[in-house]
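Working notes, beginning with the structure itself.
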Amino acid sequence: MNETTTASWRTLLTQAHDALRDAVAGVGGEAWDAPTPCEKWSVTQVLQHATGDQTAFTAAITGGPWPSEDPFSPSGRIEGDPAAHLAVALDASARAWATVDDDAEQVPVPLPQGPMPAWLAAGACALDAAVHAWDIAVATGQPSPLTPEMALPLMEVATQIVEPLRAYGAYAPALETGDDADAVAVLLAYLGRRPI
């Protein structure tokens, strides 16, 4: 277990939630149908997926309701304000994580790997939010919400959880990066995204 990761998982999760919230807030009215780095998904579908994943993490922790729509088959339609739709999921996720002890060893997650230590479980939740924030930002011409300070701990999480998830289609195959790639580019390439 990494001391830095253990001490800072709450901060990383908050930063990832904020990145997703900010990316969604920056989407213009005409951009909801724009294509994204998630193949075959529009901005709306990525938002639905990301919202569903946050709801699933919440449900795993609290025993509450699971997403009403399959996050891996988003319809592309959101009733009402997309930012408000996301806010409900992020607020519930934050409340759920607030009940988890900093050093809990067995935190339930909606991933096939099963329960994980708190730093890794929260990191998985943060990874999902942060990367989809990047997808939405890139698709709508916004600056990247990922920073090297976020990318380094997220990469540590990714190397622990991503490989088994590729078999389910959750992540594309990893891409090569040059020797001069920064931490953000390395993370994105590992997740099968082409850094911009």
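Return the single residue from P65, P115, P82 with maximal mean-square fluctuation; model: Gaussian network over the chain, springs between Cα atoms under 10 Å.
Result: P65 has the largest fluctuation of those listed.
Please return the longest stretch of the chain lacking exposed loop sites, where trypsin sites (Lys or Arg not before Pro) count only if DSSP places them in a loop and at most 12 other Cβ atoms lie within 10 Å. Before the final figure, lay out the partial values.
Values: sites that count: K40, R77.
Between the exposed loop sites, the longest stretch runs 78-196.
May I ask you to derive the relative contact order of the chain, considering only C-alpha pairs under 8 Å and at least 6 residues apart, and to give it as an integer percent? Don't skip to the end; give the middle numbers.
Details: 280 pairs, mean separation 48.3, N = 196.
Relative contact order for the chain comes out at 25 percent.
Would you mind telling me the share, in percent, of accessible area of the chain contributed by carbon and sulfur at probe 1.4 angstrom?
Values: 4960 of 9420 Å².
Carbon and sulfur together cover 53 percent of it.
Whole percent per 10 Å bin, from 0 to the bin with the longest distance: what is P(r) over all C-alpha pairs of the stretch 2-142?
P(r) for the stretch 2-142, in whole percents per bin: 13, 45, 31, 11, 0.
At 27 angstrom or more along the helix axis (alpha-carbon based) and mean Kyte-Doolittle of 0.0 or higher, what helices does the chain contain? Whole DSSP H runs only. The partial results should precede the final answer.
On the way: long enough: 3-25 (33 Å, -0.30); 43-62 (28 Å, 0.28); 118-139 (31 Å, 1.30).
Answer set is 43-62, 118-139.
When only DSSP loop residues count, what GluC sites (Glu not before Pro) in the stretch 88-175 have their Cβ near at most 13 other Cβ atoms within 10 Å? Please report the intermediate quantities before stating the final value.
Working: sites: E105, E149, E156; in loops: E105.
In loop regions of the stretch 88-175 (DSSP not H, G, I, E or B), the sparsely surrounded GluC sites (Glu not before Pro) are E105.
Rank S73, S93, S8 by accessible area, highest first, at a 1.4 Å probe radius?
Result of the area sort, largest leading: S73, S8, S93.
Normalising by the residue count of the stretch 124-196, find the relative contact order in percent from Cα pairs under 8 Å and 6+ residues apart. Before the final figure, lay out each step's value.
On the way: 69 pairs, mean separation 20.3, N = 73.
Taking the mean separation of contacting Cα pairs over the length of the stretch 124-196, I get 28 percent.
From Cα pairs below 8 angstrom and at least 6 apart in sequence, can you work out the relative contact order of the stretch 60-129, rounded to a whole percent? The partial results should precede the final answer.
Working: 41 pairs, mean separation 18.7, N = 70.
Relative contact order here is 27 percent.
If each residue of separation counts as 0.36 nm, what is the full-extension length gain between Y168 and V100 once their alpha-carbon separation is subtracted?
Working: separation 68, 0.36 × 68 = 24.48 nm, distance 2.74 nm.
Separation in residues times 0.36 nm, less the Cα-Cα distance, equals 21.7 nm.
The values are calculated or read from the model by the stated rules, or taken from the named source; none is laboratory data. Bear in mind the structure is a predicted one, so any value in this text is a computation, not a measurement. FYI the Cβ positions are ideal-geometry reconstructions off the backbone, even for glycines, and counts take in every protein chain you see. Calculation scope for accessible area: heavy atoms of the full protein, side chains included, ligands and nucleic acids excluded. Shrake-Rupley method; radii C 1.70, N 1.55, O 1.52, S 1.80 Å.
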